[in-house]
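Notes for the one structure printed next.
What follows draws every value from the coordinates through simple rules; no lab data is involved. In this text the structure is predicted, and so the values were computed from the model without any measurement. Cβ placement follows ideal geometry from the backbone for every residue including glycine, while neighbour counts extend to all protein chains displayed.
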Ligand SMILES: [Zn+2]
């Protein structure tokens with residue numbers, strides 16, 4: 001049939017775990033962690049090496065060394081637990097955009113992290129993990145977010161789901177939609193990705209024509225769309241607006257709710273763990289703590305108590321086996337709510353800060369302001385061969401300074417030429433042929449609030 005929300009046994013277990021409260025969640029978390037650890041030590045040469053000095057049985061999470069994206073990507077072939085999965089194979093697979101969400105090695109879902117995280121990486125998900133995420137979307141997000149009235153409004157709009165996300169690459173968000181579209185003919189018609197790379201006026205026209213029941217996207221994109229809705233150019237009547245991929249503020253959420261006249265909720269996921277948490281009516285994100293462990297830590301990876309914002313957060317993904325993620329430095333600043341959330345959800349409640357690039361407001365030759373989404377312009381640069389990492393800094397109303405980190409062995413002059421050419425073409429399409437691009441001598445700058453890399457930096461308002 002293909003209309004199942006994943007395996008029903010997983011769905012039932014999610015409901016039971018939530019009903020049992022912290023004791024039931026902790027029991028599942030501990031047994032899944034023990035399984036993951038023994039699987040990682042058995043199947044991953046990298047973890048076997050990292051954990052060789054730890055006791056063979058019963059190592060605690062806190063005893064394990066934290067790890068980051070750079071270390072994992074450098075040892076990709078040793079990291080994965082299926083020897084048939086290699087970095088070379090995965091890179092060859094994702095080099096073709098037509099293969100987005102197609103089964104990699106006949107059974108895996110493959111995605112890349114978006115350019116906004118600074119360093120590209122590749123993530124492989126197995127069938128079990130996909131089942132868990134599908135089940136969570138259905139049993140937790142759907143149940144918490146939608147009431148009978150919303151379901152009725154969704155039915156009226158044919159359950160159409162519009163996702164305004166970075167397309168043209170194997171990103172997790174657009175990849176997930178494509179994975180769902182590949183499940184059955186109904187979903188392939190009802191779910192659609194609208195690339196944020198498109199000029200805003202095109203996006204508005206396409207969304208008006210599609211008339212979605214659910215609108216998902218980066219808050220930076222959704223805020224621009226809310227402005228379009230208020231201005232009367234966009235005319236959507238969704239039952240739900242879902243913000244994903246970046247942090248948002250309560251103010252921005254309230255503006256969107258007002259503009260679209262519906263419930264606005266936040267979703268916290270990453271390429272490293274597709275579904276981590278989802279927001280409630282009190283604006284707290286509830287962590288699926290039976291399938292993911294989030295440890296807020298300071299600069300030295302020591303635990304940060306509830307109620308204080310952390311420097312970073314360590315993620316342990318309990319759902320995915322093929323590429324174990326254990327105490328992974330995610331880089332987000334997280335604050336854990338010390339007391340139970342008044343919404344009544346027993347899942348731990350957090351807030352996340354510092355995952356945000358800027359929207360650029362550039363001046364066209366005729367004096368109009370054209371708004372450019374950070375992921376849209378960032379991905380134009382990152383998809384240029386030879387580019388490892390980039391940073392775009394707005395230095396004036398119509399000026400951008402471009403910083404590049406090139407891949408080892410790349411032809412620098414050629415990479416720069418290509419980046420300038422593709423960026424110029426992109427800006428021309430947006431009506432911004434007048435914008436000046438300056439090639440910076442310095443590399444991208446790492447320093448930012450909470451240590452999180454920012455790829456796109458707007459000129460501060462005067
Ligand atoms: Zn809550």
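If you count, for each residue, the other Cβ atoms within 10 Å and average over each peptide, how do 96-104, 278-286, 394-402 line up from highest to lowest?
278-286, 394-402, 96-104
What percent does the relative contact order of the stretch 360-457 come to when contacts are Cα pairs within less than 8 Å and at least six residues apart?
Relative contact order of the stretch 360-457: 34 percent.
Extension gain residue 23-residue 366, at 0.36 nm per residue separation less the Cα-Cα distance, in nm?
That pair, residue 23 and residue 366, stretches by 117.2 nm at full extension.
Provide the gained length on full extension for the span residue 434 to residue 86, in nm with one decimal, where the gain is 0.36 nm per separating residue minus the Cα-Cα distance.
Separation in residues times 0.36 nm, less the Cα-Cα distance, equals 120.9 nm.
May I ask you to derive the relative contact order of the chain, considering only C-alpha pairs under 8 Å and at least 6 residues apart, and to give it as an integer percent?
15
Using R₀ = 45 Å, calculate the FRET efficiency as 1/(1 + (r/R₀)^6) where r is the Cβ-Cβ separation of residue 445 and residue 54; round to 0.05.
Numbers: r = 37 Å, r/R0 = 0.83.
After rounding, the FRET efficiency stands at 0.75.
For the stretch 369-419, what is the relative contact order in percent, using Cα pairs closer than 8 Å and at least 6 residues apart in sequence? Before the final figure, lay out the partial values.
Numbers: 52 pairs, mean separation 16.5, N = 51.
It comes to 32 percent, rounded to a whole number.
Please report, in Å, the Rg and the Dmax of the stretch 303-462, where both are computed over Cα atoms only.
19.7, 58
Have a look at the chain and give its Rg and Dmax from the Cα atoms, expressed in angstrom.
When restricted to Cα atoms, the chain yields Rg and Dmax of 21.8, 69 Å.
With a point put 7 Å past each Cα toward its Cβ, work out how far residue 211 is from residue 257 in nm, to one decimal.
2.7
Label the stretch 1-130 by shape, choosing from rounded, prolate and oblate, from the square roots a ≥ b ≥ c of the eigenvalues of the Cα gyration tensor; if a/c is under 1.5 it is rounded, and otherwise prolate applies when a/b is larger than b/c, oblate when it is not.
Values: a/c = 1.99, a/b = 1.13, b/c = 1.76.
Oblate shape, in that a/c is at least 1.5 and b/c is the bigger or equal ratio.
Taking 0.36 nm per intervening residue step and subtracting the Cα-Cα distance, what contour gain separates residue 155 from residue 16 on full extension? Don't skip to the end; give the middle numbers.
On the way: separation 139, 0.36 × 139 = 50.04 nm, distance 2.81 nm.
Extra length from residue 155 to residue 16 when fully extended: 47.2 nm.
Have a look at the stretch 142-212 and give its Rg and Dmax from the Cα atoms, expressed in angstrom.
13.1, 36
Could you tell me which of rounded, prolate or oblate describes the stretch 4-60, using a ≥ b ≥ c as the square roots of the eigenvalues of the alpha-carbon gyration tensor, with rounded for a/c under 1.5 and, failing that, prolate when a/b is larger than b/c and oblate otherwise? Walk me through the numbers on the way to the answer.
Working: a/c = 4.89, a/b = 1.94, b/c = 2.52.
Oblate.
Run the helix sum for the chain: -39,500 (n - 2.57) per DSSP H stretch of 4+ residues, divided by residue count, reported at 222 nm to the nearest 500 deg cm²/dmol.
-10500 deg cm²/dmol
Give me log10 I(q)/I(0) at q = 0.09, 0.18 Å⁻¹ for the stretch 155-291, Debye formula, one equal scatterer per alpha-carbon, no solvent.
-0.25, -1.05
In whole angstrom, note down how far apart the Cα centers of the stretch 350-411 and the stretch 295-317 are.
Cα centroid to Cα centroid, the span is 29 Å.
For the stretch 90-154, just say rounded, prolate or oblate: build the C-alpha gyration tensor, square-root its eigenvalues into a ≥ b ≥ c, call rounded for a/c under 1.5, and beyond that prolate if a/b exceeds b/c, oblate if not.
In terms of gyration-tensor shape, prolate.
Mind ranking 12-25, 307-320 by how tightly packed they are, going by the mean number of other C-beta atoms within 10 angstrom, highest first? Please list the in-between numbers first.
Working: 12-25: 15.5, 307-320: 21.1.
Output ranking for 12-25, 307-320: 307-320, 12-25.
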